[in-house]
Amino acid sequence: MLSKMEGMKQQFEEIKIKLENISVIGESDNGTCKVIVNGNRIIKEIAINETFQISASKSEIEFAVQQACNRALEQASRVEQTEMSHAAIGLLPGLG
């Protein structure tokens, strides 16, 4: 049982490393803001369209950034869940 737990811990660490190298993108509705997040839900980049940045109000920019961040984080969460599900199926026969 202890060796199985160690195997699970090692597999989860490997998944965490794999997720570190997966990037997902979230964009605002109008495409003026793009956020790149890795599979561990760490924000790697925020890009705001320069024209939008100059012409938009503070609240419009904040909303676009918030929307893009939330979308990227939702995608990252789905990627993480998928990876964890695959790991669980491999470790616990009968779940697949």
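Report, in debye and to the nearest 20, how large the dipole of the chain comes out about its Cα centre when Lys and Arg carry +1 and Asp and Glu carry -1 on their Cβ. Before the final figure, lay out each step's value.
On the way: 10 positive and 13 negative charges, 53 e Å.
That gives a dipole near 260 debye.
To the nearest 10 degrees, how steep is helix 2-20 against the longest Cα principal axis of the chain, on a 0 to 90 scale?
20 degrees
Using only the alpha-carbon atoms, how far is helix 58-91 inclined from the longest principal axis of the chain? Give it as 0 to 90 degrees, nearest 10.
10 degrees
Take every Cα pair under 8 Å in the chain that's 6+ residues apart, average their separations, divide by the length, and report that relative contact order as a whole percent.
With pairs under 8 Å counted, the relative contact order is 29 percent.
If you take every residue apart from residue 25 with its C-beta less than 12 Å away from the C-beta of residue 25, what net charge results, scoring Lys and Arg +1 and Asp and Glu -1?
0
Residues with beta-carbon under 12 Å from that of residue 15, excluding residue 15: net charge, scoring Lys, Arg +1 and Asp, Glu -1?
That works out to -2.
Can you give the calculated 222 nm mean residue ellipticity of the chain, where each DSSP H run of n ≥ 4 adds -39,500 (n - 2.57) and the sum is split over every residue, rounded to the nearest 500 deg cm²/dmol? It would help to have the intermediate numbers written out before the result.
Values: 3 runs with 59 residues, N = 96.
Dividing the helical sum by the residues of the chain leaves -21000 deg cm²/dmol.
Could you run the Karplus curve 6.51 cos²θ - 1.76 cosθ + 1.60 with θ = phi - 60° over segment 35-43 and give me ³J(HN,Hα) per residue in whole Hz, x for Gly and Pro?
With the stated coefficients, segment 35-43 comes to 10, 10, 10, 8, x, 8, 6, 9, 6 Hz.
Give the aspartates and glutamates whose C-alpha is closer than 16 Å to that of residue 58, dropping any in the same chain fewer than 8 places away, or say none.
50
Per residue Cα convex hull volume for segment 2-91, in cubic angstrom?
78 Å³
Could you please rank 35, 24, 65, placing first whichever residue has the fewest other Cβ atoms within 10 Å of its Cβ?
Ascending number of Cβ neighbours within 10 Å: 65, 24, 35.
Identify the trypsin sites (Lys or Arg not before Pro) of the chain meeting these criteria: DSSP loop state and at most 14 other C-beta atoms within 10 Å of the C-beta.
Within the chain, no trypsin sites (Lys or Arg not before Pro) qualify (loop, at most 14 other Cβ atoms within 10 Å).
Fewest Cβ neighbours within 10 Å first, please rank 42, 36, 54 accordingly.
Fewest-to-most ranking of 42, 36, 54: 54, 42, 36.
Where a Cα-Cα gap under 18 Å defines reach, which aspartates and glutamates qualify for residue 44, not counting those fewer than 8 residues away within the same chain?
20, 27, 62, 74, 80
Only the coordinates and a few stated rules stand behind these numbers; no lab work does. Because the structure is predicted, anything quoted here is derived from the model rather than measured. Cβ sites come from the backbone with ideal geometry, for glycine too, and all protein chains shown count toward neighbours.
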